Amino acid sequence: MNAPFKASARQSAATACGKTLPRGDAARQSLLGQQLVAQGTLTDHQLLVALALQARQDAALGEILVGQNFASEHDILQVLARQHDTYVVDLETSPVDPRLFPLVPPEDCLKLGFVPWRNQGKYTVFATAHPERINAIRVKLPPTLEHIKFVVAAERDIQDAIHLHYGPQLAAGAECRTAPQDSCRDWSTTSMRLLMAAVLLTCALGLAYAPVWLIWALFAGASLALALNAILKTACTVIALRAKPQPREPTGPFPITRLPKVSILVPLFRERDIAGALVKRLAELSYPRELLEICLIVEASDSVTEEALRAGGLPNWMRVVRVPKGGVQTKPRALNYALDFTSGSLIGVFDAEDAPAAGQLHEVAKRFATGGDDLACVQGILSFYNAKTNWLSRCFFFEYAGWFRVMLPGLQKLGFAIPLGGTTLFFRRDILVKIGAWDAHNVTEDADLGMRLARRGYRCEMMHSVTQEEANSHVWPWIKQRSRWLKGYAVTWCVHMRRPLHLLRELGAWKFIGFQILFLSTLMSFFLAPVLWWGLLTVLLGWPNPVFDPMPKPWVAAATVFFIAAEIVTLAVFATATANLPKRPNIGWIITLPVYFIFGTLAAYKGLAELLFNPFYWDKTEHGMFGGATDTSIRADSASVNPQTGLERNR
């Protein structure tokens, strides 16, 4: 996140290549590149290359020069200071006066890139990384300040000063950035406990006085959820089978008029084992460095991750953003805090263990350039580089393949809202800010954000580029992760259903139905799955069943066939998703997935317990345990995938 280093005017090749270093008024009026060439910092050829890049990149000339290693940040700052008749200060050795910070709100400082620095006699001096914005900055200053001066400082130093002095205030804002009606931050555990007590009391009374009717009701609810999910899966599978073959992964830039700047947010927490490998994987991205800024977000209390990053070192287009302590400690809160410290027009999100395809950001830029103004988000495909670690990782691989390669593209084709995944997400910055960014208290902030975008009339699209990550390969970590997802699904459904008629008007009938299937039916399927397991076992083993016993035998047979058919449809989703992958776990493993989903029901009840007592608890997923701790492990693991092509392969 270097300073933009904008020249005072757009520079042309014809005027840029002077050889005499301008002085005095001439120095202030000459262009950035002209001065750098004149003082011997830059060659004519380098300047011409930078100008050619500027013609097709949404970047200032100074950013390009630094990104291409043609000039240093210090060289650029010195010329900018000379252009504006001032000087450069080092905010580390000459820190800001904290007494001046009440003069301006932190939002203006972050947006325009300045801080109050010091009082010098009758003057109040402000430090800025963008001297070309001085007129805009003056508008934001208190009218009582009559005598103002400006100095130039590195943007990273300015942002560090803002974090140091405004951090707690910005962190508090990050927790309530989403509008109250769209947030779960007022979730009442007392109300939830009372509701659960009422449900349990109703079930107890039903079991005591009308057990058959209670069983019938539970069985009907479970069957309805199963039927709705089966219909949706069938539709998505048919769409996938009829779809044209997917294009190959992008390997280079697309012919876009001007490539946008992309800011990547990577929230980290206690990532001792994977932080170094993450930096190496992100360095594989082929996007121009002058258009790329990567923010590694670290909690203030997380010395483990910060030490790991410091030990490995960071390139100048990566930086650490530290999130102050607050009321909650969640991924969406960290994302909200870091968002204001970025400058890209596109905002991306990766997780700690991610290995994105090299050309992924080029495809993102192309999608937004051609997708229309209502395209707010692009979601990539997720896969695993440790798919063959054990049985659990194999099942997880097939589930993810079915979700990202069949279900989500099918939902898009059907016109339903897409519940986003938590990584390989890219947003238009203006839209993300407009809708309140992430709900800091929702532990599935991604799915919630997808619904809020749909309610505001925006679209989310899938892209073919693949990011590979680390599959949970132990049962308990898997259950903890899945319980957080299902807890968040329940919270998201409750928040959006506060005013169901209003939701219906905003989404429309079709998307409203899709929302109920995706969230309510999914939750019912996990919570009521034991009812169906019991029903199927009683039929297969001939045990007494108050639901089936009064039924004619043809009805019982039809119900049995329906349950088995629903399972076959689910397995067909996984088979379809992986049919064209050159290398993958043996397809035979999908017949064990019904056993795998038993753990999902256990996770659902764990999530339900947390809803009653600790709804905002973020049960962290441990990374680096199953092949992701080193960069070389992705290529060496016999169950790995190539992080650049996204094609699963054995080695």
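Any read-out appearing in this document is the output of simple, stated calculations on the displayed coordinates, not a laboratory observation. Everything quoted here is computed from the prediction, not taken from an experiment. A quick note on method: Cβ atoms are made from the backbone with ideal geometry, for glycine too, and the neighbour counts reach across all protein chains shown.
With each label modelled as a point 7 angstrom along the Cα→C-beta vector, the ALA300-ASP108 pair spans 2.5 nm. Between ARG138 and ALA197, the contour length at 0.36 nm per residue exceeds the alpha carbon distance by 15.3 nm.
Neighbour counts of other Cβ atoms within 10 Å put MET463, MET451 in the fewest-to-most order MET463, MET451.
Inter-label distance, THR592 to LEU612: 3.3 nm, where each label sits 7 Å from its Cα along the C-beta direction. Put simply, the Cα atoms of the range 497-604 extend 49, 47, 28 Å along their principal axes, the longest span coming first.
Length gained on full extension, GLU146 to ARG56, computed as 0.36 nm times the residue gap minus the Cα-Cα distance: 28.3 nm. Taking 7 Å steps out from each Cα toward its Cβ at GLN39 and ALA565 produces label points 7.8 nm apart. Using the alpha carbons alone, the radius of gyration of the range 74-140 stands to its Kirkwood radius in an Rg to Rh ratio of 0.94.
With neighbour counts taken as other beta-carbon atoms within 10 Å, the residues CYS494, CYS460, CYS176, CYS236 rank, fewest first, as CYS494, CYS176, CYS460, CYS236.
Computed from the C-beta positions of MET551 and SER188 and an R0 of 60 Å, the FRET efficiency is 0.90 to the nearest 0.05.
Which of VAL298, VAL328 comes first, and how do the rest follow, when ranked by fewest Cβ neighbours within 10 Å?
The order, fewest Cβ neighbours first, is VAL328, VAL298.
Return one number: the angle in degrees, 0 to 90 and rounded to the nearest 10, between the long axis of the Cα atoms of helix 73-83 and the longest principal axis of the Cα atoms of the chain. The angle comes out near 50 degrees.
Where the convex hull is taken over the Cα atoms of the range 94-222, what is its projected area averaged over directions, in nm²?
On the way: hull surface 53.3 nm².
Directional mean of the projected Cα hull area for the range 94-222 stands at 13.3 nm².
How would you rank 217-230, 400-413, 351-364, 581-594, highest first, on the average number of other Cβ atoms within 10 Å across their residues?
Numbers: 217-230: 18.1, 400-413: 22.3, 351-364: 24.9, 581-594: 15.0.
Ranked from most to least packed, the peptides come out as 351-364, 400-413, 217-230, 581-594.
Taking 22 Å as R0, compute the FRET efficiency from the Cβ-Cβ separation of LEU602 and ALA227 and round it to 0.05. Don't jump to the answer; show the numbers that get you there.
On the way: r = 24 Å, r/R0 = 1.08.
FRET efficiency, LEU602 to ALA227: 0.40.
Using alpha carbons only, how many degrees (0 to 90, rounded to 10) separate the axis of helix 155-175 from the longest principal axis of the chain? Tilt relative to the chain: about 30 degrees.
Between the alpha-carbon centres of the range 477-499 and the range 164-210 there is a gap of 11 Å. Counting 0.36 nm for each residue step from LYS413 to ARG258 and taking away their Cα separation leaves a gain of 52.9 nm.
Share of antiparallel DSSP beta bridges in the chain, in percent to the nearest 5? Before the final figure, lay out the partial values.
On the way: 16 of 48 bridges.
Around 35 percent antiparallel, to the nearest 5.
Stokes-Einstein, applied to the Kirkwood radius of the range 181-327 over Cα pairs at a viscosity of 1.567 mPa s and 4 °C, places its translational diffusion at 59 µm² s⁻¹.
Could you tell me how far the Cα centroid of the range 507-578 sits from the Cα centroid of the range 275-330, in Å? Cα centroid of the range 275-330 versus Cα centroid of the range 507-578: 45 Å apart.
If you model the chain as an ellipsoid using its alpha carbon gyration tensor, with each semi-axis the square root of five times an eigenvalue, the axes come out at 52, 28, 21 Å, biggest first.
Couplings 3J(HN,Hα) of the range 500-513, computed from phi: x, 5, 5, 4, 4, 5, 6, 7, x, 4, 5, 5, 5, 4 Hz, in residue order, whole Hz [Karplus 6.51 cos²θ - 1.76 cosθ + 1.60, θ = phi - 60°; x for Gly and Pro]. Can you flag which of LYS111/LYS325; LYS233/LYS583; LYS111/LYS261; LYS331/LYS366; LYS261/LYS366 are past 20 Å Cα-Cα? Where the Cα-Cα span goes over 20 Å, the pairs concerned are LYS111/LYS325; LYS233/LYS583; LYS331/LYS366.
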